[in-house]
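The values are calculated or read from the model by the stated rules, or taken from the named source; none is laboratory data. Just so we're clear, the structure is a prediction, and the values are computed from it rather than from any experiment. For neighbour counting, all protein chains shown are included, and Cβ atoms are generated from backbone atoms with ideal geometry for every residue, glycine included. The accessibility values were calculated without ligands, DNA or RNA, using every heavy atom of the protein model including side chains. Shrake-Rupley method; radii C 1.70, N 1.55, O 1.52, S 1.80 Å.
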Amino acid sequence: MTAPRIDAKVVMLGKESVGKTSLVERFVHHRFLVGPYQNTIGAAFVARSLQVGDKVVTMGIWDTAGSERYEAMSRMYYRGAKAAIVCFDLTDSSSFLRVKFWVKELQNCEEHCKIYLCGTKNDLVEADRSQRQVDFHDVQDFADEIKAQLFETSSKTGCNVDKLFQKVAEDVSNTDFQLITEEAGVDLGQKKNAYFYSCCHH
Amino acid sequence: MSQKSERRGIHVDQSELLCKKGCGYYGNAAWQGLCSKCWREEYQRARQKQIQEDWALAEKLQREEEAAYASIQGAQSQPSLTPFSKFEEKKTNEKTRKVTTVKKFFSPSSRTAPKKESHEGKAPSPSITRQSSIETDRVSRDFVDFLKNLQKPGREIHKQCRAFIENMANKKDLGADELSECVQDFYQNMSDRLMTHFKGSTERVERVMDQVEKYIMTRLYKNVFCPETTDDEKKDLATQHRIRALHWVTIQMLCVPVDEEIPEVSDNVVKAITDVIEMDSKRVPRDKLACITRCSKHIFNAIKITKNEPASADDFLPTLIYIVLKANPPRLQSNIQYITRFCNPSRLMTGEDGYYFTNLCCAVAFIEKLDAQSLNLSAEDFERYMSGQASPRKQEPEVWPQEDAGAGRSPGLTQVYQSLDLLTGLGARQDRVLEGARSLESDLISWQESVEREVQEILEKYPLEIRTPASAIDSDNVENDRLPPPLQPQVFAG
Ligand SMILES: Nc1nc2c(ncn2[C@@H]2O[C@H](COP(=O)(O)OP(=O)(O)O)[C@@H](O)[C@H]2O)c(=O)[nH]1
Ligand SMILES: [Mg+2]
Ligand SMILES: [Zn+2]
């Protein structure tokens, strides 16, 4: 079999049509498809390698079915994940409420899974500020509280998409390193995260 | 003379119905002409013999392998693997183990049920046993061939695997979870050591681990697939019944984006169904996984052709559910449990195969829990469909004219007729085969009789008589006088 070896499982979570599939599609194929009939694009599983320092990290990205029908089964998908990108739509406040559900689930069942909050469709908010339904500071407070990283992305313009996945890859690579040094009894201390939405937020 | 009894082997007479062992009971074709008691004894012996043969082969392979190593030994001094710690010792530090086994990911609450009474007649027929023993031999040979390329560490790996299998043979009484833990510990132990040996080249480690899994699981399969200590079998039956009870679920209810009217699509659907059914016939966990992956790829094709664009997770899961409902794959729960317990976790948890496997688990969970709401039906409708009082298809406005001799028939009906035609054809062919067999049998009987007759005639015509030996070898030769005179030795001077 020639399937690539996966270093880390990354799972996409979030309410239906917040833009999970579009995000993966933008990251992997550098494209964005618009139109009502094209909301389902890309493959369900993709493997993608990123360079981190002198290492290559291969992530297996698991897209999930957004329909509430399958919510009861969502635990099966994030088992063993190193990272979860929990998405919400910046123009839809109800989608942020759903975020809290997944975060709680992840904290309860998957303590080793790092959480990334991702506000999507940033381009809509940029174009028309009144569209924003999720307050930036509320989200940031929540992110701080759960010690998660926060990104605001647009799959349409590509803003912050690569940065998000690059950060995930770096963390994966660092945790692997940490595990090894932990075993050897060396504590490198917690690296403070320096990442924030540099191109979209001011 | 044994002629008489040999003849009986072909000719069917009353005595043929009795047990071949001559114990006085009736025999049965299914038990190769023996009565059940004699067959069981016979089978036991065959099994014993097979086990001995297995060991002999393993020993032979080991010797071959040792010889092969001896021949390369001098030239290279490869660093060898440090011997593996005994598996018992390993179990004591289990709690400190960092890597969680995959089983824990998929079945957090699978506890072993109390031991069931062993049922008789579960034993496979000797011919099946032989078949699988041929496969086992082939896998063993492939394994040794593969390990030969690794030189000295290869030998160590082989030794460890054999010791492990031997060890497992004494652990038949363990529950499924413990068996799984043993195997997972072994994988972990082996890959840790390989990791050190290959200096962190995960690719090479994985290549070896794939072969290790294939070798040990082919040998352990019979004892650890759907073990009697679990209720896997009961769950299999429950799922099978459940799926049968849900026969009325339509593509529309599940929102499956697949149009089976398109021949290419229905072709992919059929292939997907075949793949998921085929999973049961594989013995190596990774081979079973590969069936699920193949099934998934066919599903993606079916969706892609229907929608004219690539499928996403939102399309895939409902379609997989639909395929599972249509296929009703044999021993579905047993297979899922087996993969979960005995697959090498590095593949299962993160890779592409793992993604499809998780979706399959999810599909099965969905089918188990499925209710009116999950299909957007009213509770009453759901009940009526489940109890068989009504069928959703009947309420659809499309009614196909019945008398129209095929022209306006529903696709389902057309298929039924096609299948009936096929069956009729098959029936006729079987009759012909039987007829052929009967005539072959009578031909054989008459042929034997005619040969016997001829032999008898010849024996009568030329009664055996012992003659005194002739003076010269060629004294009987009728045409002696036509031969040239024998050569005389000539003497050459000088
Ligand atoms: N303007 C804009 N639309 C987006 C963006 N991301 C997704 N969409 C649209 O949102 C809809 C749902 O996206 P999809 O990726 O299918 O959501 P999913 O259900 O979470 O996978 C589609 O119509 C997309 O075109 C974005 O960044 N900007
Ligand atoms: Mg999607
Ligand atoms: Zn008998």
* Asked: Using a 1.4 Å probe on protein heavy atoms, which residues of the stretch A:60-107 have at least 30 Å² less accessible area in the complex than alone?
  -> A:62, A:65, A:69, A:70, A:73, A:76, A:77, A:79, A:80
* Asked: residue B:455 to residue B:222: FRET efficiency via 1/(1 + (r/R0)^6), r the Cβ-Cβ distance, R0 51 Å, to the nearest 0.05?
  -> 0.55
* Quick one: which residues, 5 or more positions from residue A:46 or on another chain, have an amide H under 5 Å from its amide H? H modelled 1.01 Å from N in the peptide plane, none for Pro or chain starts. => A:61, A:63
* To do: Grab the beta carbon distance between residue B:201 and residue A:28, set R0 = 35 Å, and tell me the FRET efficiency rounded to 0.05.
  => 0.85
* Asked: What list of ³J(HN,Hα) values in whole Hz, one per residue of the stretch B:235-249 in order, does the Karplus curve 6.51 cos²θ - 1.76 cosθ + 1.60 (θ = phi - 60°) give from phi, with Gly and Pro shown as x?
  -> 5, 4, 5, 4, 5, 4, 5, 4, 5, 5, 5, 9, 4, 7, 5
* Counting other Cβ atoms within 10 Å, which GluC sites (Glu not before Pro) in the stretch A:76-147 have at most 12 and lie in a DSSP loop? -> A:111
* Accessible area per residue, 1.4 Å probe, Å², for the stretch B:245-344: what's the number? -> 33 Å²
* Burial order of peptide ranges B:134-144, B:324-334 (average beta-carbon count within 10 Å, highest first) -> B:324-334, B:134-144
* Asked: For the stretch B:320-393, what % of the accessible area comes from carbon and sulfur atoms, probe 1.4 Å?
  -> 45 percent
* Asked: Using 7 Å Cα-to-Cβ label points, what is the residue A:157/residue B:277 separation (nm, one decimal)?
  -> 5.4 nm
* Can you pull the one-decimal nm distance between simple spin-label points at residue B:429 and residue B:138, each 7 Å off the Cα toward Cβ? => 2.4 nm
* Structure fact -> In nm, the gap between the two label points placed 7 Å beyond Cα toward Cβ at residue B:148 and residue A:104 is 6.2 nm
* What accessible area, in Å² to the nearest ten, does a 1.4 Å probe give for residue B:31? -> 90 Å²
* Using a 1.4 Å probe and counting only protein heavy atoms, arrange B:417, B:385 so the residue with the most accessible area comes first. => B:417, B:385
* To do: Report the full-extension gain for the segment residue B:441 to residue B:380: residue separation times 0.36 nm, less the Cα-Cα distance, to one decimal in nm.
  => 15.8 nm
* Compute the signed sum of charges (Lys and Arg +1, Asp and Glu -1) over the other residues within less than 13 Å, Cβ to Cβ, of residue B:308. => -2
* Calculate the mean, over all residues of peptide B:301-310, of how many other protein chain Cβ atoms lie within 10 angstrom of the residue's Cβ. => 2
* To do: Determine the total buried accessible area between chain B and chain A, counting protein heavy atoms only with a 1.4 Å probe; round to the nearest 100 Å².
  => 3000 Å²
